[in-house]
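Novice: Just passing along the structure, written as C-alpha cells.
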Amino acid sequence: MLESYRILLFCVLGVACVTVAALLVAHLLGPGRHGRVKDQPYESGMPVVHDVHRRFNIRFYIIAMLFLLFDVEIVFIWPWAELFYKSCIHGAVTVDDGTVVTKGFLLVGMGAFFLLLLLGLVYEWMKGAFEWN
C-alpha cells in the first residue's frame, strides 16, 4: 500500500532539497552587510510609516476568510469535473465503491453545491461584509 506514495515522497523530498539549496546559496553568495537602514522592515517598496503592531480593521480578516471559503471550492470542483467529463463520454461511470453515477445526478449535485455557495455569498452581502464605510 505504501508503494503508491513513493512518488509523492520523492516530490516532497525534492522540493525540500531545492528549498534548502536555494537558501544556502543565497546565504553564502549574498551580501553580508548590515546597518541601521539595511535592517529596517521593508514592505512592497514603501518605507515603514506606522507601527507594525497597530490594529487592523476586522473587515480585512473577513474578506480573507471569504476568499478562502470561495477559493477552496475549486478543490471540490476539480474531481467533479473529471467525473462529469467521463460520464459525458461514456454515459454512466462506476466510481471506486461500485456506485454507478450519471451526468444528471452529477449536475444536480453540483447545482446544489453552487446553490449553497450562492446562498452564503448573498448572506455575507446582506450582512454588509463587502462594504468599507
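Novice: Condition check: touching an Asp or Glu at 6+ places or on another chain (Cβ under 9 Å), within 21 Å of G111 (Cα to Cα) and surrounded by 10 or more Cβ atoms within 10 Å (Cβ to Cβ). Does L83 satisfy that? Spell out how you get there, then give the answer.
Specialist: Details: touching an Asp or Glu at 6+ places or on another chain (Cβ under 9 Å): no; within 21 Å of G111 (Cα to Cα): yes; surrounded by 10 or more Cβ atoms within 10 Å (Cβ to Cβ): yes.
In short, no.
Novice: Okay, next question. If I filter the range 98-116 for residues that are under 24 Å from A129 (Cα atoms), aromatic (F, W, Y) and assigned to a helix (DSSP H, G or I), do I get at least one hit? Don't jump to the end; show me each part of the working.
Specialist: In the first step, residues of the range 98-116 are kept if they are under 24 Å from A129 (Cα atoms); the result is 112-116.
Going one step further and asking which of them are aromatic (F, W, Y), we end up with 113-114.
Those left that are additionally assigned to a helix (DSSP H, G or I): 113-114.
Yes, the range 98-116 contains a residue that is under 24 Å from A129 (Cα atoms), aromatic (F, W, Y) and assigned to a helix (DSSP H, G or I).
Novice: Within the range 27-61, which residues are under 27 Å from A129 (Cα atoms), modelled with pLDDT of 75 or more and among the aliphatic types (A, V, I, L, M)?
Specialist: Residue satisfying the conditions is I58 alone.
Novice: Examine the range 63-70 for a residue that is touching a Lys or Arg at 6+ places or on another chain (Cβ under 9 Å), surrounded by 10 or more Cβ atoms within 10 Å (Cβ to Cβ) and part of a helix (DSSP H, G or I), and state whether such a residue exists. Steps first, please.
Specialist: The initial filter retains those residues of the range 63-70 that are touching a Lys or Arg at 6+ places or on another chain (Cβ under 9 Å), namely none.
No: zero hits.
Novice: Within the range 117-133, how many residues turn out to be among the charged types (D, E, K, R) and part of a helix (DSSP H, G or I)?
Specialist: Matching residues across the range 117-133 total 2.
The values are calculated or read from the model by the stated rules, or taken from the named source; none is laboratory data. No experiment lies behind these values; they were computed from the predicted model shown. So basically every Cβ, Gly included, is an ideal-geometry build from the backbone, and we count neighbours across all protein chains shown.
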